[in-house]
Amino acid sequence: MDDRLSLVPELAHELRDALSPIRAAIDLLRLRNFDTEVSRRMAEKVDRALDAALAAVDAFAAADQCESGTLTVEVAPISLDQVVEAARTALAPRLAERSQRVEFAHSTPVVEAMADAGKSMRVVSAMLEQASAVAPPRSAIAVRAAAGDSSPEIRMRFAIETPDSAGESWFQSYGTRARCSRMALRTARQVMALQHGSLDLILRSPDVGELVAAFAPVAAAGVYASAGGAQPAAANEESPAVSGRGPAPTRILIVEDSTEVRVIYREALAALGYSVTEAGNAEEALRTTVEATPDVALIDIHLPGMNGYRLAQALKARKRSGMRLVMLSGMTLDDTTLRLSRTAGFDDCIDKAAGPRALHALLQAQSASHGAAAFRY
């Protein structure tokens, strides 16, 4: 069986393993007559199970792109300190669960590399997740960005609770990854190779390991002109991480053909204080927005008739329309999906499975910063 076909049974196993607690939680809720305290604890269990399942899907989707040769990177000069900070912030709750801390001091001068910022953050997150998984609770994970002898690098040193568990086997299977990690180290190594870098494990002693990600220096930008798969970012293109929009909006239009999804999002967003209207298809959405322009349109892609991409283009074409367009995706947010979304005019993108809280978090972040990070996923 080749590597790509072997992804199917591995993914099936991980999904069944991740989702099985949900059935047990539902059974317990019924047996306890939906007791309030039991319901709270089971909701947390279901949340964790869904997070693990979605992480498995994302990890195997990235692995499939690697095996099929469809994974691409958009390289530009990036700050390795910022990449580490982004990964550390994203994983703070996971580290807190194990009472672990990341020891990281910003480099002086700033260390830059030629890489894809988003994918590099996922690589560093995968490194940090693996370090956290094997390190004992209440331990420190030391991270530093440095110029290196020949290339800029990120080094991550950690204690190993069970020495026999560490080794090159971490890179041999897509299923060998920390629980809830959205990228296996095997995929992370392939991403680094695509960026003309590398990812390796160094065992300093039986109980101390160090993951080292080496990046292409900024001076090597010219090598990408002829490299397959790696594309330099356009110099004059506005960064997708910056937007100049105003405070968080309160009026939301949900465009979704599934009544169940609409109802869940409507009730949850209304409970969070938003004013919500609905449309079951693109044509209804166009009529609704003529009558009253919402601040945000949350749009599913797979709509009957006119799809979500065409609806976004139509809404953006209205010169008086200042609404923010957020794609509600039921598909893995891979490079192709995000590229199509940007081309269609979407400002942001969220995973449908992440639920209404993902949209709420995005809008809160926009309000706090007076600008939003576009295409968060």
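The values are calculated or read from the model by the stated rules, or taken from the named source; none is laboratory data. If you're wondering where the values come from, they're calculated on a predicted model, not measured in any experiment. Note that we place each Cβ from the backbone using ideal geometry, even for glycine, and neighbour counts take in every protein chain shown. Side chains included, ligands, DNA and RNA excluded: accessible areas come from the protein's heavy atoms. Shrake-Rupley method; radii C 1.70, N 1.55, O 1.52, S 1.80 Å.
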Stokes-Einstein diffusion coefficient for segment 1-136 at 4 °C in a medium of 1.567 mPa s, Rh from the Kirkwood formula over Cα pairs: what value in µm²/s? 73
The answer for Asp116, listing residues at least 5 apart or on another chain whose modeled amide H is closer than 5 Å to its amide H, is Ala76
Per the rule of 0.36 nm per residue minus the C-alpha distance, extending Glu284 to Arg342 adds in nm 18.6 nm
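Could you give me D for segment 47-201, from Stokes-Einstein at 4 °C and 1.567 mPa s, where the hydrodynamic radius is the Kirkwood radius over C-alpha pairs? Units µm² s⁻¹, please.
82
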Could you rank Ser275, Ser107 by how accessible they are, 1.4 Å probe, largest area first? Ser275, Ser107
In whole Hz, the Karplus estimates of ³J(HN,Hα) for segment 349-365 (6.51, -1.76, 1.60; θ = phi - 60°; x where Gly or Pro) are 8, 10, 7, 4, 5, 6, x, x, 4, 5, 5, 4, 5, 4, 5, 5, 5
FRET efficiency estimate (nearest 0.05) - Cβ-Cβ, Glu161 to Lys316, R0 51 angstrom: 0.45
Extension gain from Ala24 to Glu267, taking 0.36 nm per residue of separation minus the Cα-Cα distance: 84.8 nm
